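Structure, as structure tokens:
The values are calculated or read from the model by the stated rules, or taken from the named source; none is laboratory data. A quick note: this is a predicted structure, and the numbers were derived from the prediction, not measured. Heads up, the Cβs are rebuilt from the backbone with ideal geometry, glycines too, and the neighbour counts pull from every protein chain shown. Only protein heavy atoms, including side chains, enter the accessible area calculation; ligands, DNA and RNA are left aside. Shrake-Rupley method; radii C 1.70, N 1.55, O 1.52, S 1.80 Å.
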Amino acid sequence: MSQFNSIVITKKGQALMAKMLAGTGNVKFTKIATSTTEYQDSQLENLTSLSNIKQNQSISKITRQNDVAVKIEAAIDNKNLETGYYIKTVGIYAQDPNDGEILYAVMTANVAGWLPPYNGLGISSCMFNLTVTVGNSSNVSLTVSTGAVATVNDIQNLQNQITTLQSYIGFSDEDIYGVEVDFTNKVFTRLAGAENLVAGEDFDDIAPWNRRRCNVTDDGKVVAYYGDSGYTETGKLTSAITIESGKYAGTYAVGTKVQVMVEQPKFYYKVVPLKLEPITTGYGFHMRKARYYISSTPKEGFKLHPAFEVNGRELENIYLSAYEGSLYDDSANAYILNDEQVADFSNDLLSSIANAKPASGLTQNLNRTNIRSLAHNRGDGWEISYASTVSATQLLFLIEYASFNMQSKLGNGVTTKTDDGSTSMTEITGATTNLGNGSGSVTNSNEFNVVTYRGEENFFGNIWTWIDGMNVDRNSTSEPQVHDIYIANYNFADGSKNSSYEKVNFQACLTEGYTSAFGYDENFDWLFVPTEALGNSSVPVGDYYYRNASYNGMLAALLGGGWHYGVTAGGFYLDLRNTASGRTRALGGRLVYVPQN
């Protein structure tokens with residue numbers, strides 16, 4: 001959603017206004033133009049043209065407001081747009097009796113709006129309703145071009161009908177599942193097909209929630225599911241498996257390396273912002289009230305969740321780590337089960353198996369860069385958790401439980417230890433082996449609570465998880481402060497703001513505390529990044545948020561909290577304090593497998 005500064009009349013526009021007042025000219029507004037150029041305020045009066053114009057559109061409607069001002073209405077859409085762009089400047093053009101068409105006025109964006117390329121389904125529109133000073137409105141031509149698109153009022157009327165149906169009445173389809181979140185009043189309401197469901201068994205047979213633990217080979221073949229004969233959580237097949245047909249047909253020998261992963265079916269989603277509020281300390285919007293929906297099939301207005309779209313490829317499934325990452329020692333041909341600090345980042349492999357102590361950076365340099373390398377060493381398609389894969393789990397949990405607070409719904413997790421200040425105090429993986437594909441918690445042999453959400457053990461707690469595909473540009477000394485988020489879905493690189501990375505159109509929260517609002521950007525409406533931290537340990541989110549108070553430079557993201565974070569921890573706990581090159585005894589990571597065909 002765009003925010004624009006006041007309209008500035010150019011010197012050419014001022015000259016035409018003077019002609020009007022002298023009775024030697026009339027004003028005929030001709031068009032608006034949109035540009036991606038970001039101009040400084042000092043440049044605006046002297047502009048005679050705009051650079052980097054992306055679209056021109058005739059005026060749809062002109063109305064006299066009073067003796068000195070008129071209202072101009074115009075609309076642009078993306079019907080013929082092949083490449084999306086941010087609208088940073090809008091120009092208003094008029095016909096001068098002596099100079100021909102001139103740039104009469106300019107308006108710059110405080111928050112630039114994104115106009116996406118046409119996707120072949122729905123058309124996106126930008127509507128402008130502009131009040132412009134003219135000096136003498138009786139000398140303004142009120143005729144408009146017959147080639148103009150529908151008037152803003154026409155578009156608004158249609159849009160209001162759609163908004164009313166979708167945002168206020170809501171969807172009624174039984175195969176759409178949703179929740180309304182009123183962040184201000186801390187109220188959660190189940191919607192559509194989820195209205196009468198209870199978290200747990202009621203969701204088990206709904207495709208997006210029908211997640212299954214499985215064994216995946218290094219080359220991405222699924223050879224067994226939880227409950228199958230031959231399924232194992234040891235990291236190597238303990239009995240041979242033969243698959244008679246299908247794309248994974250073949251015989252897999254005893255000793256074949258397999259990771260314990262969670263198969264996540266693709267789904268479509270929609271976020272309907274019901275109430276937004278500008279971020280006064282930066283740019284963009286707080287989400288104050290919203291509706292979140294999921295469907296297993298395409299629906300009008302829904303989008304494929306980005307976890308299932310990688311560089312133009314649509315995926316039927318992705319595979320999430322059932323357990324926190326441990327290491328496989330390639331030279332010894334054995335799993336490292338006790339977090340021995342011996343990682344060879346060029347050859348060893350990040351793993352997901354039961355009965356292993358999660359790998360940490362106690363003394364070895366287990367930073368985000370190196371843990372990514374350990375995942376890549378396993379083969380093509382292996383990554384560490386990244387922003388959209390984390391979001392997929394978060395969104396599923398939110399709709400199933402009508403809550404952000406995983407601790408209150410699943411259990412405290414491994415978060416209640418007293419830190420010794422020197423060692424990695426993680427619990428070994430696999431306590432929830434017998435819960436399989438379910439959700440809930442168990443008490444392990446050391447009397448600690450271990451949680452799982454539909455096969456993902458310790459999505460929060462025990463050890464922090466590095467999140468890839470999210471880079472943070474931080475400048476705490478600038479005015480205003482910089483806290484910009486950049487997101488990628490592939491080709492991950494630490495510190496990057498270019499290539500596959502795209503800037504999110506809201507600023508991350510500048511203060512720490514319990515999350516009370518997430519930001520909203522239509523292009524990243526699936527992203528749960530805090531923009532306000534005025535909540536508490538229960539509501540509306542119940543999880544804490546950390547930022548770096550004094551850093552200037554690029555930072556990375558962590559999720560969840562560790563063994564001693566108590567009520568601050570959770571599946572929406574985001575930490576933006578660390579550089580990607582940092583390592584500590586409390587930081588680890590998880591595998592993701594992205595199918596390659």
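Solvent exposure of the stretch 323-371, expressed per residue, is 34 Å² of accessible area, with all protein chains present and a 1.4 angstrom probe.
Annotation: amide H of ILE176 within the under-5 Å range of GLY193, sequence separation 5 or more or interchain, hydrogens built in the peptide plane. Here the dipole of the chain is about 1380 debye; that uses its Cα centre as origin and unit charges on the Cβ of Lys and Arg (positive) and Asp and Glu (negative).
Averaging the sequence gap over all C-alpha pairs within less than 8 Å and six or more residues apart, then dividing by the number of residues, gives the chain a relative contact order of 12 percent.
Note on VAL8/LEU274: beta-carbon distance plugged into 1/(1 + (r/R0)^6) with R0 of 25 Å gives a FRET efficiency of 0.15. With the simple spin-label model, which puts each label point 7 Å out from Cα in the Cβ direction, the ASN355 to THR477 separation comes to 5.4 nm. The stretch 539-561 and the stretch 489-538 have Cα centres lying 10 Å from one another. Rounded to the nearest 20, the size of the Cβ-charge dipole of the stretch 358-505 about its Cα centre is 120 debye, with Lys and Arg at +1 and Asp and Glu at -1.
Here the accessible area is traced with a 1.4 Å probe on the protein chains. For the stretch 305-361, carbon and sulfur cover 40 percent of it. With the dipole of the chain worked out from charges on the C-beta (+1 for Lys and Arg, -1 for Asp and Glu) around the Cα centre, which of LEU81, ILE32, PHE506 lies farthest toward the positive end? Projecting each Cα onto the dipole axis, the largest value belongs to ILE32.
Of the peptides 56-63, 368-375, 465-472, the ranking by mean beta-carbon count within 10 Å, highest at the top, reads 465-472, 368-375, 56-63. Accessible surface of the stretch 470-597, 1.4 Å probe: 44 percent of it comes from carbon and sulfur atoms. With R₀ fixed at 35 Å, the C-beta to C-beta distance from ASP380 to SER51 puts the FRET efficiency at about 0.25.
Taking amide H as placed 1.01 Å from N in the peptide plane, ALA356 has its amide H under 5 Å from the amide H of THR429, each at least 5 places away in sequence or on another chain. One decimal place: the segment ALA334-THR584 gains 87.6 nm when fully extended, by the rule 0.36 nm per residue minus the C-alpha distance. Projecting the Cα atoms of LEU327, ILE92, ALA112 onto the charge dipole of the chain, computed from C-beta unit charges around the Cα centre, puts ILE92 farthest toward the positive end. Ellipticity at 222 nm from helices only: DSSP H runs of n ≥ 4 in the chain, each -39500 (n - 2.57), divided by the residue count, give -2500 deg cm²/dmol. For a 21 Å ceiling on Cα separation, which of these pairs sit above it: LYS12/LYS79; LYS79/LYS266; LYS11/LYS31? Violating the 21 Å Cα-Cα cut-off are LYS12/LYS79; LYS79/LYS266.
Assuming charge only on the beta carbon of Lys and Arg (+1) and of Asp and Glu (-1), the dipole of the stretch 176-292 about its Cα centre is about 440 debye to the nearest 20.
In this structure the amide hydrogen of THR465, modeled in the peptide plane, comes within under 5 Å of the amide hydrogens of LEU559, GLY561, GLY588, none closer than 5 places in sequence on its chain.
Between the exposed loop cleavage positions of the chain, defined as GluC sites (Glu not before Pro) in a non-H, G, I, E, B DSSP state with at most 11 neighbouring beta-carbon atoms within 10 angstrom, the longest gap is 448-597. Determine the distance separating the Cα centre of the stretch 279-329 from the Cα centre of the stretch 31-76; give it in Å without decimals. The distance from the Cα centre of the stretch 279-329 to that of the stretch 31-76 comes to 36 Å.
What distance in nm lies between label points placed 7 Å from Cα along the C-beta direction at SER408 and GLN341? Here the modelled spin labels are 4.0 nm apart. Length available on full extension from ALA207 to THR36: 0.36 nm per residue minus the Cα-Cα distance, which gives 57.4 nm.
A 1.4 Å probe run over the stretch 16-65, with the rest of the protein chains in place, finds 53 Å² accessible per residue. For the pair SER500 and GLU101, label points projected 7 Å from Cα toward Cβ lie 4.2 nm apart.
Protein heavy-atom accessible surface, 1.4 Å probe, per residue over the stretch 395-542: 32 Å². Looking at THR423, TYR486, SER391, which one has the Cα that reaches farthest to the positive end of the dipole of the chain (charges on Cβ: Lys, Arg +1; Asp, Glu -1)? So the residue furthest toward the plus end is TYR486. Residue by residue, the stretch 247-262 carries 3J(HN,Hα) couplings of 5, 9, 4, x, 10, 10, 6, 4, x, 4, 5, 9, 9, 8, 10, 10 Hz when phi is fed to the Karplus relation 6.51 cos²θ - 1.76 cosθ + 1.60 (θ = phi - 60°); x denotes Gly or Pro. Bridge orientation summary for the chain: considering DSSP beta bridges with both residues in this region, about 95 percent are antiparallel.
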